[in-house]
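Comments concern the structure below.
The values are calculated or read from the model by the stated rules, or taken from the named source; none is laboratory data. Remember, it's a predicted structure, so these values are computed and weren't measured experimentally. Cβ: placed from backbone, ideal geometry, glycine included. Neighbour counts: every protein chain shown. Ligands, DNA and RNA are excluded from the accessible area calculation, which covers all protein heavy atoms including side chains. Shrake-Rupley method; radii C 1.70, N 1.55, O 1.52, S 1.80 Å.
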Amino acid sequence: MRLQRDSLVENADADYLMWGDYSTDEFARFSQDFTAMNRQLHGFKGNYTFGNGLQLTALFANNIRPFQRDTIVPDGTSGFYFLSERLILPGSEDIFLETEELNRPGTVIDRVRLSRGADYQIDYDRGAILFNQPVSAIDANPFGPSLVRRIVATYQVDGEESGGTLLGARAQYNLSYDLDAPSWVGATLMSEDQGAQDFTLAGLDALIPLGDNAQLIAELARSSFDDAIGNSTDGTAYRVEA
């Protein structure tokens, strides 16, 4: 069920309230990498744009499928590389190649999102990824510290729903609705409760045009994870690209 009207702001996203199955496109903007969420969910979602350019989006999902993040060390071949789960919800995966300094684990130097078909093939029933080109574990860097490459996969597990809940909210101030040169600053907050595990992700991002042929993208993200036995992990990531 969805109630919708065209926004009163020209070129803005439609205003709506809905309950049912939906994707999370509003939480995966061009300026979002570390805070992007590409998932298929069931529950409530709403969006509204105020006259001054402020856009608010909120969602609530229940009985969600488990969400998984795997890090795989490449072996120099194109695969197969097997995920930790064998039944993957079709279309839910995001595959990245991350480059980090060998002596500073977790310090991401570069992060590239790959596309299914153009970069890799995936067997959803086996949880197996086959890349179109070999993936090396070492990234040549003759003018700096040694770099290593990792395969990072996020996805939803198919099959039984977990019974967990997810809450998400995004505030985005649109500086320009120009279709050729949009501009905005945004803030995102997501919290997921899977019973034995709790996840929180928060971040800021911005897309600013620099003349006719360039743009500035900036993002800052912080995540935390708590499990059933009291272990807690958190981390921060950022990027600035022009």
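Some values worked out for this structure:
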item: Scan of the stretch 129-141 for residues that are among the hydrophobic types (A, V, I, L, M, F, W, C) and either open to solvent by 80 Å² or more (accessible area, probe 1.4 Å) or modelled with pLDDT of 95 or more (or both), ordered by number; result: I129, L130, F131, I138, A140
item: Enumeration of residues in the stretch 222-234 that are modelled with pLDDT of 90 or more and over 17 Å from L167 (Cα atoms); result: none
item: Residue selected from the stretch 145-170 under the condition in contact with a strand residue (DSSP E or B) (Cβ under 8 Å, 6 or more places away or on another chain), open to solvent by 40 Å² or more (accessible area, probe 1.4 Å) and not charged (D, E, K, R), by the criterion modelled with the lowest pLDDT; result: S162
item: Selection within the stretch 171-201 - at pLDDT 90 or above and under 21 Å from G43 (Cα atoms); result: A171, T188, L189, M190, S191, T200, L201
item: Residue within the stretch 167-181 that is under 14 Å from R29 (Cβ atoms), among the basic types (K, R) and in contact (Cβ under 8 Å) with a residue 12 or more places away in the chain present; result: yes
item: Flag if R104 is exposed (fewer than 12 other Cβ atoms within 10 Å of the Cβ) and either closer than 19 Å to A237 by Cα or among the β-branched types (V, I, T) (or both); result: yes
item: Residues that are surrounded by fewer than 19 Cβ atoms within 10 Å (Cβ to Cβ) and either at positive phi or of a type in the set (A, V, I, L, M) (or both), drawn from the stretch 53-95; result: G53, L54, L56, A58, N63, I72, V73, G76, L87, L89, G91
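Yes or no, residue by residue, for (1) within 14 Å of A153 (Cα to Cα); (2) in contact with a His (Cβ under 6 Å, 6 or more places away or on another chain); (3) at pLDDT 90 or above:
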site: E10; (1), (2), (3): no, no, no
site: D15; (1), (2), (3): no, no, yes
site: L41; (1), (2), (3): no, no, no
site: I64; (1), (2), (3): no, no, no
site: T77; (1), (2), (3): no, no, yes
site: D94; (1), (2), (3): yes, no, no
